[in-house]
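The values are calculated or read from the model by the stated rules, or taken from the named source; none is laboratory data. As the structure is a computational prediction, the values presented were derived from the model and not from experiment. When we count neighbours, we look across all protein chains shown, and the Cβ atoms used for this are built from the backbone with ideal geometry, even at glycine.
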Amino acid sequence: MKKNICIFILCLSILSGCAGLSVSLLPATEPLEEKLLEGEGRQKILLVDLDGVISFKEEKDVLKLRTRPSKVAFFREALLKVESDPEISGVILRINSPGGSVAASDTIYHEIMDFRQKKKIPVYAYIMELGASGGYYVASAADNISASPTAIVGSIGVIAMKFNIEELLSKIGVSEETYKSGPKKDFWSPFRPTTPEEKKMFQDIIDKLHMRFVGVVSANRQKILTEQEVRALADGRVFVSSEALAAGLIDGVAYLDETIDKMKKDLNIRQARVITYVRPKTFKSNIYSEYSEMPQMGQATINLISVNADALPLFSGVQFMYIWNP
C-alpha cells in the first residue's frame, strides 16, 4: 500500500514538473457570440441586458466556481462588437437593475455615450422591471427611455454607509490601535466616532456625486425637464412607470415588443432580426428569455453591505453607491 502511494506521489511530481502542462477543470470564458431571437431581414436590432447590481467585480455562479466578466467589462465588449457589425441598425438596453457603485454606473454611461458618438445609430433604453438609481443613470444615456407598465423607475441619489463598532469591541475586551500620518488618514473608520468636521467632509462628497447624477439626467432630458425640475425629483424617490412618464423621466410606457416595433418604425424599416449577445452554450429562446446567463438559485436580494465584499476586508471602509436599497 505504501509503495502504491509513493508511486502516485512520484507521478504527480513528474506531471507537475512538465513544462507547459496545465489542466483546468472549468472552461474558460469565451467571447460573446450573436444569438438570433426572432425576425428576419438584413438589418439587426440588438438587445443588450443590464441586470442586477452594477459593479466592476467579476460575477460568479451560485457555487462560486465559474466567473464571468463584470457588468462594465461586458458592456465594453458588447459595444465594441457592435461597432464592427454594419448590419446592426439600433441597440435596445434591456434594464432590470437597482443600480450599483457610482464609478461602475458612470463608466457604463460613458461607454454608451462614447458608442453613440462613434456608431451614430439609435440607442433606446427599456426598463423591464426596475430601473433605479444607477440603472436609471445608465438609461439616461439612451436616445429614448421606455418602461413596462409595471416597472419601477427613479431613485436619483447617492447612498453610503459605515458601521461604528467601537462600543461592541469595548464590550468584548478588544481594542484597536491606529498609527497614522495625519488626523484624517483614518477618515470614516468604523473603530471610532466620526467628528463633525468629518461628517461635513463626507456629506460634501455625497453632494458632489449627487449633483453629478442630477447633471447627467438634466443634460439628457433637457428637452423635457429643466435642471430645477430634475432637482425636485432627485430626492431618492421611486415612481411607477406611469408616474415616471408624467414626471418626464421616461418617454413612454410600453411592452418590449412594442419598443422593438417603435425602433423599426423610427428607423423606417419593415423587417429586422432581433439579436442578443451570449456566451457559447447559453440558451435564450426569445426576447423575454431571462436576463442572467448564469441563473441564481433562490430569491434574489440586494444587500448593500455585501456588494463587492468578497474581495474586501470585513471593515474596509465606505462605498459610494448609486443604488436603491429599500
Restricting to the stretch 220-240, and then to whatever is in contact (Cβ under 8 Å) with a residue 60 or more places away in the chain and of a type in the set (Gly, Ala, Ser), can you tell me which residue is surrounded by the most Cβ atoms within 10 Å (Cβ to Cβ)? 234
I'd like to verify a number: residues in the stretch 156-188 that are under 30 Å from residue 214 (Cβ atoms) and at pLDDT 70 or above, how many? 8
Restricting attention to the stretch 220-263, the residues that are hydroxyl-bearing (Ser, Thr, Tyr), within 21 Å of residue 124 (Cα to Cα) and assigned to a loop (DSSP other than H, G, I, E, B) number exactly 1
Looking only at the stretch 92-133, which residues are buried (at least 23 other Cβ atoms within 10 Å of the Cβ) and part of a loop (DSSP other than H, G, I, E, B)? 98, 133
On the given criteria, is residue 256 in contact with a Gly (Cβ under 9 Å, 6 or more places away or on another chain), surrounded by 13 or more Cβ atoms within 10 Å (Cβ to Cβ), within 24 Å of residue 113 (Cβ to Cβ) and modelled with pLDDT of 95 or more? no
Looking only at residues that are within 14 Å of residue 271 (Cα to Cα) and surrounded by 14 or more Cβ atoms within 10 Å (Cβ to Cβ) in the stretch 42-55, which one is nearest to the chain's Cα centre (by Cα)? 46
So in the stretch 191-219, with the set limited to residues that are assigned to a loop (DSSP other than H, G, I, E, B) and surrounded by 12 or more Cβ atoms within 10 Å (Cβ to Cβ), which one is modelled with the highest pLDDT? 195
Here is a list of conditions, (1) aromatic (Phe, Trp, Tyr); (2) in contact with a helix residue (DSSP H, G or I) (Cβ under 9 Å, 6 or more places away or on another chain); (3) modelled with pLDDT of 95 or more, and residue 288 meets all of them except one; can you say which number that is? (3)
